[in-house]
Amino acid sequence: MVDKYDEFSEKSGITGLERPEFPVDVGEMYEGERIRKPDMYLEFGGMNVNKKWELVLTRPKDQLEDGKITIIGPDLSEMTPGGSYPIGILVEVAGDKVEKDLEGVLERKVHYFTNYIDGVMHLNQRYDIWIRISKRAYQKGLNSLVWIGKILAWLYKSSFPVIEKIQITIYTEKAKVEELFPTAMDTWSKRDDRARTLKDEEVNEFYTCAMCQSFAPSHTCVITPNRIGLCGSVSWFDARAAYNIDPNGPNFPIPKGECLDPIKGIYEGINKVVQEKSLGTIKSISLYSMFDNPHTSCGCFEGIAFYIPEVDGIGIVHRDFKGQTVNGLTFSSMAGHTSGGTQNPGFNGIAIEYLRSSKFLQADGGWERVVWVPSEIKERVKDSIPKHIFDKVATEVECKTIGELKEFLKSREHPVVSRWKVEEVKEVPKEEVKEEAPEVVLPTQLPTGIEIPTQGGIRIILKNVKITAEKVIIKREKS
Amino acid sequence: MTTKLSINELESSFAKIKGLELLIGKIVEEEWDEIVGPTPYPSITDLRTWDHRLLQRYEPFYSPLCDMCCLCTFGKCDLTKGKKGSCGIDIRSQQGKIVLIACLMGAACHATHARHIVNYLIEKKGRDYPIHLGEEIELEAPLIRLVAGIKPKKLGDLEEVLDYIERQITHLLSATATGQEESYIDFESKALHAGMVDNVALEVADIAQISALRFPKGDPDAPLVDLGMGVIDKTKPVILCVGHNVAPGSEVINYLEKSGIYGSVEVAGICCTAHDLTRYSTGAKIVGPLSRQLIFVRSGVADVIILDQECIRTDIIDEAKKVGTRVITTIDQVCAGLPDMTKSPIESIIKELVSGSVPAVLIHDPAKAGEVAVKVALEIAPNRRARIVSDEQEVLDAILRCKDCGRCRRNCPIDLPINEAVYASHEKNFDLLAEIYNQCLLCGRCESECPEHIPIVSAIRVAAMEKIRNEKYKIRSGRGPIKDTEIRKVGRPIVMGEIPGVIAFVGCANYPNGNKELVEMADEFAKRRYIVVASGCAAMDIARYKDEDGQTLYEKYAGDFDAGCILNTGSCVSNAHIIGAAVKIANIFANRKLRGNFEEIADYILNRIGAVAIAWGAQHQKAASIATGANRLGIPVILGPQGVKYRRAYLGRADKKENWIVYNARTGEKVYAGPAPEHLLYVTESKEEAIVTAARLVMRPNDTNKGRMIKLSHYIDLHQKLYGILPEDLHLFVRTEADLPLTMKDQLLKMLKKRGWEPMELPDPTLLERQIIRRE
């Protein structure tokens, strides 16, 4: 094996991987590397440092000098080993196709790319970063932040061909890091505002995501500004960026076409694409309804919106919720009804971020219809729950059963209570047991004395008959 | 159980009935509305088409240990050079037959184990005792659902599954008799069938005991428990359980608890029964894997040994007698020529054992065996010192007889330089012998061969005494199944290329260079954020090494089914959960129906789930049957060097493009999807080869670009680090430019183009024509 390859190498003139010369190796396989305190040369950010940040900004092309790396403040070799230092990483990019909306997507790559460096660990993002350089990496020659800048610049340019120019400035001077901090905060807040206020009607195209088709071949996600992918990891901005970078990748645009129903979120363009993608199995989907042609679900959704018929309301449960929800079912058991790329009215796989969307299940009543949410999730999205409804939504702390939930909703005057009046007259039909014919009948000996008349009333005559059933299966008829 | 209705004579306007007898074997109320798939309770031939499809791609490769067939009185028959035996058999079919027999031995062991434990638990808890694996496990029995097509709700439901398994084993075994099956491919198909029923038996056994015996239920934080030869407190009476069936050992604990003296008696185990004892009670201790048997028993530390079933050395009773340890055998598979005292009064059994007039007995009743063991241990422990005459001087004297003839080394399964070490100790240099201990399988073959009758294993023990005393490790107690929610959670990162694959360390302790290499492999993959799982003796041996911080891998990594974690599922029978996890993925992500739907699920796993098992020290026939079952489901298994003695591998031919054609389910077209996974059963010769092979075999045709990118980056990196060069077959695994790791893209592309590489399609891959989606 080795010989054969060497022969090839000689012919091709390539004996190993040619790559830009860096003092340490750089590759995807280092991503999971953890650097423990005893192995650490020094660290930036983390718990011991008050201000730290990383920021990606787009600039006009003429303002940037491509490949320029600047360090403002002391460099690695000038710092005392073992210490914790402030840091600010500013990545400025330019290119004809580099839109401002790409900034967030590019910024999250600082985390991945820094982690690709052997001997460097990066955690978290934005104002919460924590970077460790290992002793080994320092000894190997990673003794200047310029290297990190160079590596980042190289990785950005090789993974995003749309970036024509890149300039990286790393601040380690405390005063400077603090001075620029408000600018960074301001940028993020504007970016978040845009992400949260951008509405489906304001864009021309949505995106599909076919990433998880590798495991759930019949599912396709439709991603819009108001509806993030069910896994919570692919937003409209991410999908758009991914498409711009690789038009043959898993995300591609869906021209919206005519809006057939603005409340349910039915678009001609979406229907066309899902029909095509599902090979005709799915005809239409409503983006904002879990009852009427709901969006299908993959396998990796973060949570489930589930209908609770007893109170005509909607419950929410997330993947990490332990034990039974208010309807007596666990996440896993409901997930079984939800997944697999089929439309399952009453069960909808969702991303937690979707709970913050202004169009969250709007056709079904949105938050006004939500009656039960795990306390952890309620806390996480509390800013997005309408004030007047907040105290009316129960969690597992208040209600563990449907009975308790009914009482709770009544006492808090939840809007769903007004829907009950009509319903209360109805009675739930009792389940009936239907006995089926034996599935396995062996051996059946019916040789003698059987007469089944063909006309008139039936009269059965059985003589010396032995019927043996290995097993009789009784199935309940679905009500 | 049978319901019977007889009508002698009935005359009515509706019917005239005479002598009607209606017999109903079982009435089941079924709430499972999943449609029954094509093959519930498959017969030997029901999945034959699938087997042949697999075997066409992964052709059996035989490495006979012996060229003769000695199975009937016509023989011995020489089968070399294309010769046929007197029954007409050729060497390939004869090897296929031997492989089938080995798989049947394994499957029969697990089936028996499952039957014993289910019977025991039914007797204790009743047939209606519920199967319940905790709130987060809805999919309680993926393999039973898949193969049997039932959803077991109660212990009693498992009996019909066992009936099925036992029937299959009988039918398969009959095919190995002279004058039955003749085709090697069909022997292999039958071996795959044996492997499949083996896997179901594992699941039956483990879900029964998890449900009924307070074991952890898929708990990632299952407690850390003690492991090692040095963890046993010798000041207390010691009861040692050896084997796989936890029933008698758990009864020891029950009796100690009932008498209020649990804690003042050491309950320890060797091999899988040890795993299950710690799952039952965290106070129990694990001495180690099966390789520790001889050396630990010779130490005489155990006062009483309870033997149950499987992986028990057949000389254990003789060895125990030499050091005055009393032995109780408990399961009918191991009667060992002992008097059956099951029905004798407890006090008389105790009397005989304590006095030593009968040093070893057979007691077929776990509770009784448990009580006897405790009472005898309490009685004889105080005299342990008097009982064990130190053999140290005797050993040192014996060593001097060594003439350095080298027969020990020649007879060593892994060629350790024993003679050099023994000879060196003539000069009071015991370092080499102590060094041998690190790698030694402690099988004792050298001793049997020694013309001077030097007790070499004892010599190794004496030389390594200090090491042995300090063998104190922590292992996370076997957690059992993977939770449904954990499966969901890892879906996204696998798709997004953040988790490169699942690597399972399984099998026995027949390592070429000691357990350290196994630890290094597990560490390597966990560090690279693969999901690492372990079971059985491999799980124990992963714990038998501490890093520079004094931690074992179980302390270093979390026990979740997630990137960069290492989890211990438990004993051999807990392998069901590793295989079951792959089945769960198909159901949980794609909503593929499991019920009696083996072929579709196997096709899904083969084409989509990047899981690989490494059985680095596989030794037993059970390991063969477990692996063969995993293979039928499309999960590749890598064996260590000793695995070649299983005589058969399933090798793919990457050079034959036509072997790697799949259907694109979305279009129905036949497309080349690349050699992934390249092999189903593969023997590696070194740790390095095993690591690189595993990194290669996690690739699947359905990988997303990001998923393939991360898999390739590890494959390339490991290959470069361990072999110093790029993998020669790299171009076979790059489908489009987007597969290429970012950090090497330009360079690799140049290389690929020189090799005439061209991009290919990423299909929705399947080998089954019926999986092609029909447009509505």
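What follows draws every value from the coordinates through simple rules; no lab data is involved. What you are looking at is a predicted structure, and each value in this text was computed from that prediction instead of being measured. Positions of Cβ are generated from backbone atoms using ideal geometry, with glycine treated the same way; all protein chains shown enter the neighbour counts.
Data for the structure
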| item | result |
| --- | --- |
| Separation between Cα centres of the stretch B:253-289 and the stretch B:707-776, rounded to whole Å | 49 Å |
| Among beta bridges that DSSP assigns inside the stretch A:2-195, antiparallel share in %, nearest 5 | 55 percent |
| Average Cα contact separation per residue, chain B, under 8 Å, 6 or more apart, as relative contact order % | 15 percent |
| Separation between Cα centres of the stretch A:373-389 and the stretch A:295-371, rounded to whole Å | 15 Å |
| Volume per residue of the C-alpha convex hull in the stretch B:1-77, rounded to whole Å³ | 317 Å³ |
| For the stretch A:2-195, convex hull of alpha carbons as volume per residue, Å³ | 146 Å³ |
| 222 nm mean residue ellipticity, helices alone, for the protein assembly as shown (DSSP H n ≥ 4; -39,500 (n - 2.57); rounded to 500) | -11000 deg cm²/dmol |
| Rounded, prolate or oblate (a/c below 1.5 giving rounded, otherwise prolate when a/b exceeds b/c) for the stretch A:323-406 by Cα gyration tensor | oblate |
| For chain A: relative contact order, % (alpha-carbon pairs under 8 angstrom, 6 or more apart) | 10 percent |
| Cα-based Rg and Dmax for the stretch B:569-641, where Dmax is the largest Cα-Cα distance (Å) | 12.5, 39 |
| Within 10 Å of each Cβ in A:244-250, the average number of Cβ atoms from other chains | 3 |
| Ratio Rg/Rh [Cα only; Rh per Kirkwood] for chain B | 0.99 |
| Which of A:84, B:12, A:384 has the fewest Cβ neighbours within 10 Å, and the rest in rising order | B:12, A:384, A:84 |
| Overall form of the protein assembly as shown per C-alpha gyration tensor (a/c, 1.5; a/b vs b/c) | oblate |
| Debye log10 I(q)/I(0) for chain A, one point scatterer per Cα, at q = 0.06, 0.07, 0.08 Å⁻¹ | -0.42, -0.55, -0.68 |
| Per principal axis, descending, Cα span of the stretch B:518-591 in whole Å | 45, 25, 16 |
| Nearest-0.05 FRET efficiency for residue B:78 and residue B:180, computed from C-beta distance (R0 25 Å) | 0.70 |
| Rg and Dmax [Cα atoms of the stretch B:392-469; Å; Rg one decimal, Dmax integer] | 10.9, 31 |
| Exposure proxy ranking, count of Cβ atoms within 10 Å, fewest first, for A:258, B:251, B:435 | A:258, B:435, B:251 |
| Under Karplus coefficients 6.51, -1.76 and 1.60, residue-wise ³J(HN,Hα) of the stretch B:725-734 in Hz, glycine/proline x | 9, 6, x, 5, 9, 3, 4, 6, 9, 9 |
| Pairwise FRET efficiency - residue B:214 versus residue A:268, Cβ, R0 = 45 Å, nearest 0.05 | 0.20 |
| Hz values of 3J(HN,Hα) by residue in the stretch B:298-305 - Karplus curve (6.51, -1.76, 1.60), Gly and Pro given as x | 5, 5, x, 5, 6, 7, 10, 10 |
| Calculated over the stretch A:170-272: convex hull of Cα atoms, volume per residue (Å³) | 139 Å³ |
| Gain in span if fully extended, residue B:411 to residue B:86, counting 0.36 nm per residue against the direct Cα distance | 113.7 nm |
| Residue among A:195, A:333, A:244 farthest towards the positive dipole end of chain A, charges placed on Cβ | A:333 |
| Amide H contacts of residue A:25 (H built 1.01 Å from N, under 5 Å, at least 5 apart or other chain) | A:118 |
| Isotropically averaged projected area of the stretch A:223-317, using the convex hull of Cα atoms (one quarter of hull area), nm² | 7.0 nm² |
| 10 Å binning of all Cα-Cα separations within the stretch B:703-776, expressed as whole percents from 0 upward | 17, 45, 22, 12, 3, 0 |
| Proximal charge balance of residue A:119 [Cβ under 11 Å; K/R count +1, D/E count -1] | 0 |
| Fraction of antiparallel bridges per DSSP, chain B only, in percent to nearest 5 | 40 percent |
| Along principal axes, Cα extents of the stretch B:232-387, largest first, whole Å | 34, 33, 31 |
| Under the Karplus curve 6.51 cos²θ - 1.76 cosθ + 1.60, θ = phi - 60°, whole-Hz ³J(HN,Hα) for the stretch A:227-238, x wherever Gly or Pro sits | 9, 6, x, 4, 7, x, 9, 10, 8, 4, 5, 4 |
| Shape call, the stretch B:218-292: gyration tensor on alpha carbons, a/c limit 1.5 | rounded |
| Residues residue B:385 and residue A:380, FRET efficiency given R0 of 45 Å [Cβ-Cβ distance, rounded to 0.05] | 0.10 |
| Dimensions (Å) - the stretch B:474-770, Cα atoms, principal axes, largest first | 50, 47, 39 |
| Crossing angle, helix A:145-159 versus chain A [Cα axis fit, 0-90 degrees, rounded to tens] | 50 degrees |
| Inter-label distance for residue A:322 and residue A:292, nm, one decimal - labels placed 7 Å from Cα along Cα-to-Cβ | 4.1 nm |
| Residue order, fewest to most surrounding Cβ atoms within 10 angstrom, among A:64, B:606, B:749 | B:749, A:64, B:606 |
